[in-house]
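The block underneath contains the structure these notes are about, expressed in structure tokens.
The values are calculated or read from the model by the stated rules, or taken from the named source; none is laboratory data. Keep in mind it's a predicted model, so treat the numbers as computed, not measured. Neighbour counts run over all protein chains shown; Cβ positions are idealised from the backbone, glycine included. Remember, those area values only see protein heavy atoms, side chains included, never the ligands or the DNA or RNA. Shrake-Rupley method; radii C 1.70, N 1.55, O 1.52, S 1.80 Å.
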Amino acid sequence: MAEPTPSDLDTTVKADTGKMGSNDTDVNNVEHTTTTAPEIQKQPTIERQDSQNSSMSSPMSPQFPDPVHDLPVELLQLGWRKFWSRRENRPYFFNKHTNESLWEMEQLLAHVAAGAGNVFTDPLGIASSGSQPVSTNDVRLSRPSTEIPPVVIGDKRRASSELSVGSPTKRLAFNYSPFWNFDVPSNCLFYERAPSVLPPPVPEIEQFRATLTSKLREKYQELCQSRESIDAPVESFNRWLLERKVIDKGKDAMLPSNCRPEVSQSMYREIMNDVPVKLVKPKYTSDARKQLFRYAEAAKKMIDSRNATPESRKVVKWHVEDTFSWLRKQNNPSYEDYLERLAHLKRECQPHLTEVAKESVKGICSKIYHMSCDTVRKISDRHWKLLKEHNIHEMEPLPELAHPRKVPCYCIQMAVPALRVPHIEHSTDGEMTVLRIKGDEVRVNSAHFHKLEQLYRLNCRDDPRFEHFLSRVFCLGKRYQTLFGIHSKEGIVLQGALSVSVFECLHRVFGVTFECFASPLNCYFKQYCSAFCDTDGYFGSRGPVLNFHPLTGSFEANPPFCEELMEAMVDHFENLLAETRDPLSFIVFMPEWRDPPTEALMRLETSRFNRKQLIFPPFEHEYRHGFQHVCNKGDMSVKAIHGTLVVFLQNDAGLAKWGPTPERLNDLMLASKPRDAS
């Protein structure tokens, strides 16, 4: 019979190389298997138990309340612990740091005195040359010991997905990365920072938040209808959330509760744009005629029903009557004629209509803000009440470190402990993974579910056995469902991402390793900034970008389309570039809006750190779908209908290291082309 190969041997080594602590007594078993002709026989396991798991009938229990730590302090500091072997019915000594084990105290003292500590020793001292046999008739001594792979001190704890328990999917790790690359290490350094004291996410609270936020959205629609006779502008509520978070100092991760001023300029501007009627670019001549007629009729009705000055009422009525007269007299006007007449009517009437609607629109903005504050209070009270029932209390913000070190960037750390995990139903439906709790469900593509599993394994430090994984995925999915909105395709623009080929080029050519605006659902790198600390931190988020202060590194920034957020982003990047002499680079992607140009676009183009800019033409580049975590594979790529401006903001050192040379820019332009075009 041929000798068995290493893969034929059923060898299991489970070693905890974590830090030693006063309560760190969970030492895993070590099993050996040996080969004897004619078949492979498994060596019985000698089990270890700590004081918490050992039964009261153990011979050691009456004498030693804590037998594991019943050793001199010097031996404990070296990692030695005392355990009871059921099979041999006697104690033995195990070192967590070196994976060594010995039977006798005399051996242990001599071993330590000699300065021994070889990590390659036989873990139970059975086949080691330095150990004494238990008895001359012990059959185990006649068997050759199976070779055990060396354990490297300092390695991470074995991922729970490699164990027979722990990973909720009960399957092998995801072996391919179709639209992410988590092997890229970060070149970003920053100063150490204090952990977050936000309460940990809980499914019950996320469901409560979703219910209250939906009511807030519905109230916004109701106010726009009742006060201005218009529908709430599309995406207006989402952009309001983004704009408010630029200045919000409240405690909630999503809803604003402490903003000055109370009236949002973003919400005010978008409602005013639709007063007295929403205008869209018409496709046909008949559509242009209907839109002109609707605007004139709505303007007349509005000026008659509001408290307007006589002069305003006179001007608006005159232009409206003139428009009606023009419509009656003109014989088959062209498409351009209708658009020109509409522009003229709006130019003459809109200032007067804005004046009479101003207080009403401000009232809508103020009402929504105060309702948001009340919603945040309800969510916070219920959240902390639930936590206090489990003896978890609210914490004051932790002070920043007095002498922080410059370290590689790391994800958000949570200071408040997590609750016990509720039961989450986990199933698959075709290519979708479904998580359910109390009749509510979160759906995500199975590929993205495995992506979240990888991110969690790489970043989460308080849940090595994945006991909280499903609960945290549910909270993450529910939070983004709540953010996106309640209508079909609402929120799609919040999660658009660059194509994989562009990310690959940015990393290869410009050293980019970090995304400034992403989420666990759409990130390409394992290091990124995102909107929410509490739900996203377990999956690698560094928190909101405006609270992130890197000292060096190469970054990609593709912000959501909110003007106030983009302006704050430019200011933040310029401050960071001015404060460091280490290489720092931000490659910014934003829509080329020039009719009229946005404030953020003008600031980017005139920035003293602008080293180069280029434009991806409309329909000649693509983005990843904003709902890539739930859409079909065939819909992942979407061609951009507008141009994208790419601006390189770099300090001198960043320019020297990652400067936009013509060759590099050409590579980037080629990478941006859609697959069918290239």
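The loop-placed trypsin sites (Lys or Arg not before Pro) in the stretch 174-249, going by DSSP, that have at most 11 neighbouring Cβ atoms within 10 Å of their Cβ come out as Lys249. Taking amide H positions as modeled 1.01 Å from N, with prolines and chain starts lacking one, the residues under 5 Å from Thr433 and 5 or more places away or on another chain are Val444, Asn445, Ser446. A Förster radius of 30 Å combined with the Cβ-Cβ distance from Ala110 to Arg86 puts the calculated FRET efficiency at roughly 0.70. Charge dipole of the stretch 189-290 (Cα centre as origin; +1 on each Lys and Arg Cβ, -1 on each Asp and Glu Cβ, all else neutral): 320 debye, rounded to the nearest 20. Treating the beta-carbon of each Lys and Arg as +1 and of each Asp and Glu as -1, no other charges, what is the dipole magnitude of the stretch 243-343 about its Cα centre, to the nearest 20 debye? With Lys and Arg at +1 and Asp and Glu at -1, about 160 debye. Out of every Cα-Cα pair that the stretch 191-299 contains, those further apart than 24 angstrom amount to 44 percent.
Between Ala497, Gln481, Phe510, the Cα set farthest toward the positive side of the dipole of the stretch 470-530 (charges on each charged residue's Cβ, about the Cα centre) is that of Gln481. Put simply, the C-alpha atoms of the stretch 468-534 give a gyration tensor, and the ellipsoid matching it has half-axes of 25, 16, 9 Å, longest first. Go through Pro550, Pro583, Trp593 and say which Cα lies farthest out towards the positive end of the charge dipole of the stretch 542-639; charges sit on Cβ, +1 for Lys and Arg, -1 for Asp and Glu. Result: Pro583, furthest along the dipole toward the positive end. The mean of 1/r over all distinct Cα pairs in the stretch 517-615, once inverted, gives the Kirkwood hydrodynamic radius of 14.4 Å.
Solvent-accessible area assigned to carbon and sulfur over the stretch 294-446 amounts to 50 percent, based on a 1.4 Å probe. Modelled spin-label separation between Tyr335 and Arg608, with each label point placed 7 Å from Cα along the Cα-to-Cβ direction: 4.8 nm. Using 14 Å as the cut-off for backbone N distance, which residues of the stretch 267-287 belong to the label zone defined by a point 7 Å from the Cα of Thr354 along Cα→Cβ? Once the point is set 7 Å along Cα→Cβ of Thr354, 268-276 turn out to lie under 14 Å by backbone N, inside the stretch 267-287. Sorting 466-472, 92-98, 360-366 by their mean Cβ neighbour count within 10 Å, with the most densely packed peptide first, gives 466-472, 92-98, 360-366.
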